[in-house]
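The values are calculated or read from the model by the stated rules, or taken from the named source; none is laboratory data. From a predicted model like this one, the values you see are computed outputs, not experimental measurements. Neighbour counts run over all protein chains shown; Cβ positions are idealised from the backbone, glycine included. Only protein heavy atoms, including side chains, enter the accessible area calculation; ligands, DNA and RNA are left aside. Shrake-Rupley method; radii C 1.70, N 1.55, O 1.52, S 1.80 Å.
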Amino acid sequence: MKTIEISTVLNADPRIVCEHLERSELLRYVTKGVLKFKPIDPPEFPEVWQAGSYKASIYWKGFLPVGWQVIRIETQPMRGETWSLRDNGYGWLIKTWDHIIETTPHEEGCLYTDRIRIEADMLTPFVALFAGRFYRHRQKRWQRLVKNGFDYDL
């Protein structure tokens, strides 16, 4: 098991960040350029994530199939001023992809943290290396989204 934790400060109200975290459109936006998730079951992602499981095909750079993943959304209770969302998922090669997103108020807006626990047997070190790079990419996309006033088309 390997754990990756990456944080960034977003210059945005934490409540607004949380609202966007609940939107499935955000997944498309923050993964753009690296991965594309195409829903399988159910055949469409909900507009707003609900607790439950969502199976999706994954495509590297948007076109090369690399398997499937189950996104398993779990709601989390507030801990003080910390809001969190958990995707306790898994995939065709990955036994555990336990992703917890946390937001906490910060003097500049919001401290945003991705914490991912990964288990993929012998592939764990390689998957963890990819995850570190992938989540840094996601956080850069978050920075861009905030800078552009949460406009998903920019």
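The residues of segment 19-153 have, on average, 55 Å² of accessible surface per residue, using a 1.4 Å probe with all protein chains present. Rolling a 1.4 Å probe across all protein chains gives Glu44 an accessible area of roughly 130 Å².
When each of the peptides 45-55, 31-41 is scored by the mean number of other C-beta atoms lying within 10 Å of its residues, the order from highest to lowest reads 31-41, 45-55. Exposure check, 1.4 Å probe, all protein chains in place: Thr82 carries approximately 20 Å² of accessible surface. Quick one: which of Lys2/Lys95; Lys55/Lys95; Lys36/Lys140; Lys2/Lys38 span more than 22 angstrom between C-alpha atoms? Correct reply: Lys2/Lys38.
Here the chain is treated with +1 on each Lys and Arg Cβ and -1 on each Asp and Glu Cβ, and its dipole about the Cα centre works out to around 640 debye. Put simply, the amide H of Lys95, placed in the peptide plane, has neighbours under 5 Å in Glu119, Ala120, Asp121, leaving out anything fewer than 5 places away on its chain.
Projecting the Cα atoms of Val17, Tyr90, Trp49 onto the charge dipole of segment 1-102, computed from C-beta unit charges around the Cα centre, puts Tyr90 farthest toward the positive end. Here the Karplus relation 6.51 cos²θ - 1.76 cosθ + 1.60, evaluated at θ = phi - 60°, turns the backbone of segment 99-109 into coupling constants of 10, 10, 9, 10, 10, 9, x, 9, 4, 9, x Hz, with x for every Gly and Pro. Given their separation in residues at 0.36 nm each and the Cα-Cα distance between them, Asn148 and Glu19 gain 44.8 nm when the chain is fully extended.
Build a GNM of the chain with springs between Cα atoms under 10 Å apart, and of Asp87, Asp114, Asp13 the one that fluctuates most is Asp13.
How do Arg117, Arg79 rank by accessible surface area computed with a 1.4 Å probe, from largest to smallest?
So the residues, ranked largest to smallest area, are Arg79, Arg117.
About its Cα centre, the dipole of segment 1-67 is roughly 380 debye, where the only charges are +1 on Lys and Arg Cβ and -1 on Asp and Glu Cβ.
Taking every DSSP helix (H) stretch of at least 4 residues in the chain, weighting each as -39,500 (n - 2.57) and dividing the sum by the residue count yields a mean residue ellipticity at 222 nm of -8500 deg cm²/dmol. Accessible area of the chain with a 1.4 Å probe: how many percent of it is carbon plus sulfur? The computed percentage sits at 54.
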